[in-house]
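Have a look at the structure below before the remarks.
The values are calculated or read from the model by the stated rules, or taken from the named source; none is laboratory data. Just so it is clear, the model here is predicted, and its values are computed rather than measured. Note: ideal-geometry Cβ built from the backbone for every residue, glycine included; neighbour counts use all protein chains shown.
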Ligand SMILES: Cc1ncc(COP(=O)(O)O)c(C=O)c1O
């Protein structure tokens, strides 16, 4: 794929935030990658341009029928100043899965990966070196054809924007309080839960706000049919250590196939610990807690890597996990995954790509 590159003169580039000034998702780098799609022509006009506003017709189909998908991954700066990506092609492949589900065009993963690498080389000074910090990468695709009527659009825009982000745990790696909702559901079998599509996140906000108003950090979703099987948490997959077993819900069609989830399963396998992918009810989790068998609960996702859970609240009852303390497995996974992602620890899976 030919990429046109139009870079900003140094004098017009933004100052780069350091240390505590690194937030999450409010400051974007100087450039972005953009390409367009027209039915019959395919993807075209791939370019790196300065970060700027788009202009769309008010009838652009994304505004009305929600054909919008995205991804989230990170670039990390290693101690040797090299820049590393973690399983980037898996994110692009997952975006194609989302595109297929939402009746949007797919793309050649290798070509778009090359475009991403070119963008990152242009913006490499934006990859922060502070402990735990990274450059968050947001590939996005939307339907831009102007027209009303529910059908697949004939025109799309694909873009990648970048935002430097600070450490997810600036005050330390502390367990979170989770609210288990039986009032709302995130996704239904046969629906779009496996796609990383904007509507899934819009649909989750009410439950998240209600949970936060009651002092909880995240919502744990149950399955939509029985309202008893655990699905996932906020923007994370979830794992339970009960007795000697490590359990995570199966990818049954309504949860997102997390790349961190898959990495955790493989890393635990490397340690000689197998993970059982099976349905698990919230009642089983509470019963295990009552029997003293619920040793750990943790979430897995790109943003937090590992998020230990200190307590779960369900139907007016709270259960503590490991006395509210981070468990040994969560702690070791957090350290090892971060070391792998920053190129500090060798790995045998071919996950880490040096820019
Ligand atoms: C709904 C949902 N589940 C799980 C995850 C975790 O996925 P990953 O590990 O690929 O970041 C995410 C984050 O992308 C998410 O949005």
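The figures follow:
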| read-out | value |
| --- | --- |
| Top-ranked residue of segment 332-355 - restricted to ones that are part of a loop (DSSP other than H, G, I, E, B) and surrounded by 14 or more Cβ atoms within 10 Å (Cβ to Cβ), ranked as nearest to the chain's Cα centre (by Cα) | 351 |
| Residue match in segment 109-125 (condition: under 22 Å from residue 39 (Cα atoms) and touching a strand residue (DSSP E or B) at 6+ places or on another chain (Cβ under 6 Å)) | yes |
| Test: residue in segment 42-54 that is away from the ligand (no atom under 16 Å from the Cβ), within 23 Å of the chain's Cα centre (by Cα) and more than 26 Å from residue 344 (Cα to Cα) | yes |
| Number of the exception - residue 164 against (1) in contact with a strand residue (DSSP E or B) (Cβ under 8 Å, 6 or more places away or on another chain); (2) assigned to a loop (DSSP other than H, G, I, E, B); (3) more than 12 Å from the ligand (Cβ to nearest atom) | (2) |
| Total residues in segment 226-254, condition in contact with a strand residue (DSSP E or B) (Cβ under 9 Å, 6 or more places away or on another chain) and either within 11 Å of the ligand (Cβ to nearest atom) or within 23 Å of residue 95 (Cβ to Cβ) (or both) | 14 |
| Members of segment 237-255 that are at negative phi and in contact with a helix residue (DSSP H, G or I) (Cβ under 8 Å, 6 or more places away or on another chain) | 237, 239, 240, 241, 242, 246, 248 |
| Failed criterion for residue 98 (all others in (1) part of a helix (DSSP H, G or I); (2) in contact with a helix residue (DSSP H, G or I) (Cβ under 8 Å, 6 or more places away or on another chain) hold) | (2) |
| In segment 308-331, the residues that are assigned to a helix (DSSP H, G or I), within 22 Å of residue 132 (Cβ to Cβ) and touching a residue at least 40 places away in the same chain (Cβ under 8 Å) | 329, 331 |
| Selection status of residue 257, closer than 25 Å to residue 112 by Cβ, within 13 Å of the ligand (Cβ to nearest atom) and either assigned to a strand (DSSP E or B) or not assigned by TED's automatic domain parsing to the domain that holds residue 28 (or both) | yes |
| Only listed residue being away from the ligand (no atom under 16 Å from the Cβ), part of a helix (DSSP H, G or I) and outside the structural domain of residue 304 (by TED's automatic domain parsing), chosen from 63, 107 | 63 |
| Residue check, residue 203 in contact with a helix residue (DSSP H, G or I) (Cβ under 6 Å, 6 or more places away or on another chain), within 14 Å of the ligand (Cβ to nearest atom) and closer than 30 Å to residue 29 by Cα | no |
| Any chance residue 89 is within 16 Å of the ligand (Cβ to nearest atom), under 19 Å from the mean Cα position of the chain (by Cα) and outside any helix (DSSP H, G or I) | no |
| Segment 278-293 - residue that is surrounded by fewer than 13 Cβ atoms within 10 Å (Cβ to Cβ) and modelled with pLDDT of 95 or more and, of those, nearest to the ligand (Cβ to nearest atom) | 278 |
| Residues within segment 201-225 that are in contact with a strand residue (DSSP E or B) (Cβ under 6 Å, 6 or more places away or on another chain), at pLDDT 95 or above and part of a loop (DSSP other than H, G, I, E, B), tallied | 1 |
| Top-ranked residue of segment 41-64 - restricted to ones that are touching a residue at least 12 places away in the same chain (Cβ under 8 Å) and closer than 19 Å to residue 96 by Cα, ranked as surrounded by the fewest Cβ atoms within 10 Å (Cβ to Cβ) | 42 |
